[in-house]
Amino acid sequence: MTKYIATKLEDLPKIAQQIIEENTDQRIFLLEGDMGAGKTTLTKAICDFFEVEENVCSPTFAIVNEYLSSKVGKIFHFDFYRLNKEEEAFDIGIEEYLYSGDYCFLEWSEKIKNLIPSHYVKIIITETEDKQREIKIERI
């Protein structure tokens, strides 16, 4: 397990770059953390690294946002917070996204835990007492 500490927002671009460069063979990234921990903010930093020009924001109501990167093509950003049942993910065609070979960043993935491919990167973001962010990376 790799661990990073972000003491300020300006630390995120370097951390995002390291996460991607250390996991070049992975396309599925699960972001875990409490509400407001920084899951979308880290996804935005990763998309900045991939030179995404669109506005990267939480797909809470859309469930999935698609971005285009000049470096890697399509990137999908999911937020499953509003799902009531795992089966609802099939309505958006989750399997097509997850097995597309494109980068997929999933927030609140525990709501679809039985649908996640067997290999992925788990990113756990925790806010520390002094308002820093501890970012743990685990390859599964």
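All of the numbers you see were taken from the coordinates with simple rules; none came from a lab. If you're wondering where the values come from, they're calculated on a predicted model, not measured in any experiment. Using ideal geometry, Cβ is built from the backbone for each residue, glycine included, and neighbour counts are taken over all protein chains shown.
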> Highest GNM mean-square fluctuation, the chain, Cα pairs closer than 10 Å: which of 128, 43, 60?
Replying inline: 128
> Got a sec to turn the phi values of the stretch 28-38 into Karplus ³J(HN,Hα) couplings, 6.51 cos²θ - 1.76 cosθ + 1.60 with θ = phi - 60°, whole Hz, x for Gly and Pro?
Replying inline: 10, 10, 9, 9, 10, x, 5, 4, x, 5, x
>> Place a point 7 Å from the Cα of residue 92 along the Cα-to-Cβ direction; which residues of the stretch 52-80 have their backbone N under 13 Å from it?
In response: 57-67, 76-80
> When we measure straight from the Cα of residue 14, which lysines land under 21 angstrom away, once same-chain ones fewer than 8 places off are left out?
Replying inline: 3, 39, 44, 71, 122, 131, 136
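With a cut-off of 8 Å between alpha carbons and a minimum separation of six or more residues, what is the relative contact order of the chain in percent? If you can, show how the numbers build up before the last one.
Details: 250 pairs, mean separation 47.7, N = 140.
In percent, rounded to a whole number, it is 34.
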>> I'd like the trypsin sites (Lys or Arg not before Pro) in the stretch 30-95 restricted to DSSP loop residues with at most 15 other Cβ atoms within 10 Å, sorted by number.
In response: 71, 82, 85
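Sort 99, 67 by Cβ crowding within 10 Å, fewest neighbours at the top.
99, 67
With the radius of gyration and the Kirkwood radius both derived from the Cα set of the stretch 1-122, what is their ratio Rg to Rh?
Numbers: Rg = 13.7 Å, Rh = 14.7 Å.
We get a ratio of 0.93 for the stretch 1-122.
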